[in-house]
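Here the structure is laid out as structure tokens; the discussion comes afterwards.
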Amino acid sequence: MDALPYLGLGLTANLDGQAPPDPWALHRARPGLFDFVEYSAPLELDPALWEGRGGLPLLFHPVHLNLWGPELEAPGALALLDAQAREVGSPWVGNDVGWWHARGEPIPGFLYVAPPLDARGLSDAVAHARHVQAHLSVPLVLENPAVIAVRGKMHVLDFMAELAARTSAPLLLDLGHLFSHQLARGLPLTAGFDGFPFERVVELHLAGGVVTRPGGRGVYVDDHTQALREELFELLAAVLPRCTQLRALTFEGDGHPEAMAARTLERLRPLAPAPGPSPAAPPVATERARGDGVGPFTAVSEPERVFAESWGRARCEEDPEGAAAEVDFRLAVLAQTLDRALPVSRLLLAGAREPLAAFARSDEFIGCFSPGATRSVVRAFCAWGRGQLRGRRDPAAEAALALESAGDHARLEEPRFCARALRRHLSGRAWATGQLELDALEGLRQVVERAVR
Ligand SMILES: [Fe+2]
């Protein structure tokens, strides 16, 4: 850990350039505003995305990397991860402790499933982290997960402290995720600090989020595209003096226009460590560990149980209110995911909450994340939709599903326009009425029937 360089103040980006901010453009316009870019990408480096991205140090935050879940990452995938980290010169690889994907199929919205905060969740997270580190030539840095439903009795900081002790890994403390945990348990902002090894924290994350209070219970949703909450700055002030080995302060500003990102970075600049090489700079390890000490991997049914609870397929006895809030958020993200590929069929087959929730509970959906699964969520929805339409007369939904699942978008040009316009209109109206008036989908049915007539 002593060998890690000081990166300073960072801003996040997705390499595909689809959403703001563009850190490279911001760096050209405001040199010195921040010092490095933290980016998320698949484990295999795409040279096309990579071209022209020079000029700032890079830190790789894979998000496609499982640090909990029913299966350990395949060695081939970890070899790609290591190759990418070396290629871009990432001095470490940080990732949230959670189950992110099943054989490459990301859990919708990258809303990973966090481990239960108990001895079993801990021992499985240890096995994952040791396995990943054994295949990496740079340090794996472990990030505390976001929490909505609370499972297990441990405080998340105690869980991370134990995980660090058993893996020797440095830590990344995400302040929004910590806030989510404190809210979920009804704890003060700085509860659980005693005994936490702040000196192992090499990186801090701040990001936007949304707090709601269903039934009086606080729920923090880790939506980076939102503005930052003031509680995060309070937490930052509380942890900074304790993080004596801090190398990087990162603003996860995904979705923030450059001018907004710049304001936040200006506020963070005086608080960030100064960039520079490591004071100790021992030789870089070139021999990889061989996975010694990886204990028997026991997680088979536990992640699947938590996954089923997270999507409303099973009841969460430990925290039913938290689980209900989590299901609500996951369904909203699932709808967005499906709308990108199947905007007409999704509205006609699962426009209302109950059918959408029924899909999330279905064998077709859950099967995408079972060991050995190969089907995508979009294909699972098509299969589920065909099952729903059996024995029911709904020619518009049948036609839309047939065309969208075949990728025939030309004939659906007007229905896709209509679906977009209706989503915008009905959500705007719901702000005034408090109700989503889904009977208006009848208009979409008319347009589909016209298009295929
Ligand atoms: Fe984070």
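The values are calculated or read from the model by the stated rules, or taken from the named source; none is laboratory data. All values derive from a computational prediction rather than experimental measurement. FYI the Cβ positions are ideal-geometry reconstructions off the backbone, even for glycines, and counts take in every protein chain you see.
Quick test for you: out of GLY372, GLY391, GLY428, GLY385, pick the one residue that is surrounded by fewer than 13 Cβ atoms within 10 Å (Cβ to Cβ) and either in contact (Cβ under 8 Å) with a residue 60 or more places away in the chain or under 29 Å from PHE307 (Cβ atoms) (or both). Explain how you work it out, then say what you get.
On the way: GLY391 fails: either in contact (Cβ under 8 Å) with a residue 60 or more places away in the chain or under 29 Å from PHE307 (Cβ atoms) (or both); GLY428 fails: either in contact (Cβ under 8 Å) with a residue 60 or more places away in the chain or under 29 Å from PHE307 (Cβ atoms) (or both); GLY385 fails: surrounded by fewer than 13 Cβ atoms within 10 Å (Cβ to Cβ).
The unique qualifying residue is GLY372.
Taking the conditions (1) among the β-branched types (Val, Ile, Thr); (2) buried (at least 22 other Cβ atoms within 10 Å of the Cβ); (3) more than 15 Å from the ligand (Cβ to nearest atom) in turn, VAL88 satisfies each one other than (2). Take the conditions more than 16 Å from the ligand (Cβ to nearest atom) and touching a helix residue (DSSP H, G or I) at 6+ places or on another chain (Cβ under 6 Å) and apply them to VAL93. Does it pass? Answer is no for this residue. For the range 345-453, the helices (runs of 4 or more DSSP H) that sit wholly inside it and include 3 or more residues that are under 29 Å from PRO70 (Cα atoms) are 353-361, 363-367, 377-389.
How many residues, within the range 226-239, are over 16 Å from the mean Cα position of the chain (by Cα) and either crowded, with 22+ Cβ neighbours inside 10 Å or within 15 Å of the ligand (Cβ to nearest atom) (or both)? Walk me through it before giving the result.
As a first pass, look at the range 226-239 and keep what is over 16 Å from the mean Cα position of the chain (by Cα): 227-239.
Still in the running and either crowded, with 22+ Cβ neighbours inside 10 Å or within 15 Å of the ligand (Cβ to nearest atom) (or both): 228-229, 232, 235-236, 239.
Looking only at that region, the number is 6.
Applying the selection to the range 198-213, what residues are basic (Lys, Arg) and either within 14 Å of the ligand (Cβ to nearest atom) or free of Cβ contacts under 8 Å to residues at least 12 places away in the same chain (or both)?
From the range 198-213, those basic (Lys, Arg) are 200, 213; that's our starting set.
The answer is ARG213, and nothing else.
Does the range 181-199 include one or more residues that are among the aliphatic types (A, V, I, L, M), closer than 26 Å to LEU43 by Cβ and touching a Gly at 6+ places or on another chain (Cβ under 7 Å)? The answer is no; no qualifying residue exists. Within the range 23-55, the residues that satisfy the criterion of being in contact with a helix residue (DSSP H, G or I) (Cβ under 8 Å, 6 or more places away or on another chain), part of a loop (DSSP other than H, G, I, E, B) and modelled with pLDDT of 90 or more are ARG30, LEU33, PHE34.
Within the range 214-225, no residue that is within 16 Å of the ligand (Cβ to nearest atom) sits with its Cβ atom under 6 Å from a residue that is modelled with pLDDT under 90 at 6+ positions apart or across chains.
Could you tell me whether PRO197 is surrounded by fewer than 19 Cβ atoms within 10 Å (Cβ to Cβ) and touching a strand residue (DSSP E or B) at 6+ places or on another chain (Cβ under 8 Å)?
On the way: surrounded by fewer than 19 Cβ atoms within 10 Å (Cβ to Cβ): yes; touching a strand residue (DSSP E or B) at 6+ places or on another chain (Cβ under 8 Å): yes.
So PRO197 fits the description; yes.
Tell me, yes or no, whether the range 158-170 has at least one residue that is touching a His at 6+ places or on another chain (Cβ under 8 Å), touching a residue at least 60 places away in the same chain (Cβ under 8 Å), in a loop (DSSP other than H, G, I, E, B) and within 16 Å of the ligand (Cβ to nearest atom). Checked the range 158-170: no residue is touching a His at 6+ places or on another chain (Cβ under 8 Å), touching a residue at least 60 places away in the same chain (Cβ under 8 Å), in a loop (DSSP other than H, G, I, E, B) and within 16 Å of the ligand (Cβ to nearest atom).
If we scan the range 248-256, do we find a residue that is more than 13 Å from the ligand (Cβ to nearest atom) and crowded, with 21+ Cβ neighbours inside 10 Å? Looking for residues that are more than 13 Å from the ligand (Cβ to nearest atom) and crowded, with 21+ Cβ neighbours inside 10 Å, one finds at least one in the range 248-256, hence yes. Going by the conditions given, is PRO23 of a type outside the set (Phe, Trp, Tyr), farther than 21 Å from HIS131 by Cα and within 23 Å of the chain's Cα centre (by Cα)? So PRO23 fits the description; yes.
Consider ASP174 carefully, then state whether it is at pLDDT below 95 and within 16 Å of the ligand (Cβ to nearest atom). Spell out how you get there, then give the answer.
Details: at pLDDT below 95: no; within 16 Å of the ligand (Cβ to nearest atom): yes.
So ASP174 does not fit the description; no.
Quick check: is even one residue across the range 89-104 charged (D, E, K, R), without any contact (Cβ under 8 Å) to a residue 60 or more places away in the chain and closer than 27 Å to ASP328 by Cβ?
Looking for residues that are charged (D, E, K, R), without any contact (Cβ under 8 Å) to a residue 60 or more places away in the chain and closer than 27 Å to ASP328 by Cβ, one finds none in the range 89-104, hence no.
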